[in-house]
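Heads up: the structure comes next, in C-alpha cells.
The values are calculated or read from the model by the stated rules, or taken from the named source; none is laboratory data. On a predicted model such as this, the values are computed, not experimentally measured, just so you know. Please note: Cβ atoms are built from the backbone with ideal geometry, for glycine as well, and neighbour counts cover all protein chains shown.
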Amino acid sequence: MKSYSYFPGCSSSSGSGIICGLSAKAVSKYLDIDLIELEDWNCCGSTPYGAIDNLAAICVATRNLALAERNDFDLVTPCSSCYITLNRANTQLKENPQIKSKIDKALASAKLEYGCSVKVKHMAEVLFDEFQDEAFNSKVINPLKGLKVAPYYGCQLVRPGYGFDTYEFPQSLDFMIGKLGAEAVPFPLKSRCCGGSLIISEEDIALGLIAKLLNNAKENGAHCIITPCPLCQLNLDAYQSKINKKFKTSFDLPILYFTQLIGVALGLKSKSLALEKNIVSPMKVLSDYL
C-alpha cells in the first residue's frame with residue numbers, strides 16, 4: 001500500500017467539486033492507495049489570492065505544507081488549482097530567503113515550522129504512476145471498448161515548472177484512457193483555458209471559451225470529456241444549456257472527472273463514483289459498462 005498526505009481542498013471536500021473528491025477516494029481505496037487527510041487543513045487561498053496579497057497567500061498555503069511535513073509523506077490533491085497554489089508557495093519559499101524568513105515567523109506563532117521537504121502531487125500523477133504497472137491491466141474488469149473520450153487537461157495541471165506532463169502536448173490522460181480500453185480522440189484544445197472564474201465576472205467571454213472546447217470535442221467524435229480539474233468540470237458541465245441558448249447549439253456532452261471514468265473501468269459502483277451528481281447525465285453513454 002502506498003500512503004500520501006491528502007489535501008482535498010474546499011471544492012473537492014464539500015463544494016461544487018465534491019464529485020472529484022468522492023471518486024478520487026473510491027478509486028484510491030480500490031487501488032490500495034492510502035490517502036491520509038491532513039488534520040485541520042485550511043483553504044489553500046486558490047489562485048486569485050496571490051494577486052491580492054502574495055505574502056499572505058503563501059503563508060496560507062504553507063500552513064498546509066507544514067502540516068503535511070509532519071506526516072513525512074508526499075502531499076497529493078485532486079484539485080488543479082490547489083496543486084498550482086501549493087506548488088507555487090513551495091517554489092517561492094525555496095527560491096526567496098526573505099519570503100521564507102517572514103513565513104517562518106508567521107508559522108512559529110502557530111507553533112509550526114516548514115523545512116521545504118514536501119513534494120506536492122496531483123492525483124492525476126499518482127494514478128498515472130499506477131497505470132505504468134503491468135499489474136494494473138488485471139484490475140480493469142470493464143474495458144471501455146467503443147467509448148470515445150476527449151482528454152481535457154485544462155491550463156493548470158500542465159503549467160510549466162509544476163506539471164509532471166509535457167505542457168505543450170500532454171499525454172498522461174490519453175495514456176490512461178487507452179489503458180482503460182477506450183479511445184482518446186484527437187483534441188487540439190486539450191490544454192486551452194475554459195475561462196475559469198471568468199464565468200462569474202465575464203460570463204459572455206467564458207461561455208465563448210467553453211463553447212469552443214465542447215465543439216472541438218464533439219467534432220472529433222467524443223462521447224464524453226474527462227478532466228482532472230473541478231473548475232473545468234463545473235464550467236463545461238453546468239453551462240451547456242446556456243451555451244446552447246446563446247449559440248444555438250445542442251450540446252449534451254457528459255463531462256466526467258477522470259477518476260469517475262477509471263472507477264467505471266475498475267467495476268466500481270456508480271454511487272461510489274457519484275455519477276448521479278453530474279449535471280449532464282453520463283448514464284446513457286456509460287450504460288454498456290455499468
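Structural remarks
So that you can scan it fast, the table gives a plain yes or no per residue for (1) under 20 Å from Lys29 (Cα atoms); (2) surrounded by fewer than 24 Cβ atoms within 10 Å (Cβ to Cβ):
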site	(1), (2)
Gly208	no, yes
Ala217	no, no
Thr249	no, yes
Ser270	yes, yes
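- One residue from Thr47, Thr62 being of a type in the set (Val, Ile, Thr), modelled with pLDDT of 95 or more and either in the same structural domain as Leu256 (by TED's automatic domain parsing) or assigned to a helix (DSSP H, G or I) (or both): Thr62
- When residues in segment 73-103 are screened for being charged (D, E, K, R), surrounded by fewer than 19 Cβ atoms within 10 Å (Cβ to Cβ) and out of contact with any Leu (no Cβ under 9 Å at 6 or more places or on another chain), 3 of them pass.
- Listed by position, the helices (runs of 4 or more DSSP H) contained in segment 98-208 that have at least 1 residues being aromatic (Phe, Trp, Tyr) are 123-132, 172-179.
- Selection of first residues in segment 179-191 that are within 13 Å of Glu219 (Cα to Cα) and buried (at least 20 other Cβ atoms within 10 Å of the Cβ) and of second residues that are of a type in the set (S, T, N, Q) and modelled with pLDDT of 95 or more, restricted to Cβ pairs under 9 Å at least 6 apart or on distinct chains, gives the following pairs, ordered by first then second residue: Val185/Asn220; Phe187/Asn216; Phe187/Asn220.
- Options Ile33, Ile18: the member that is farther than 23 Å from Gln98 by Cβ and at pLDDT 95 or above: Ile33
- Tally, over segment 212-233, of residues that are in a loop (DSSP other than H, G, I, E, B) and under 18 Å from Glu125 (Cα atoms): 2
- Segment 244-264 residues that are modelled with pLDDT under 95 and assigned to a helix (DSSP H, G or I), paired with ones that are among the aliphatic types (A, V, I, L, M) and buried (at least 24 other Cβ atoms within 10 Å of the Cβ) (beta carbon under 8 Å, 6 or more apart): none
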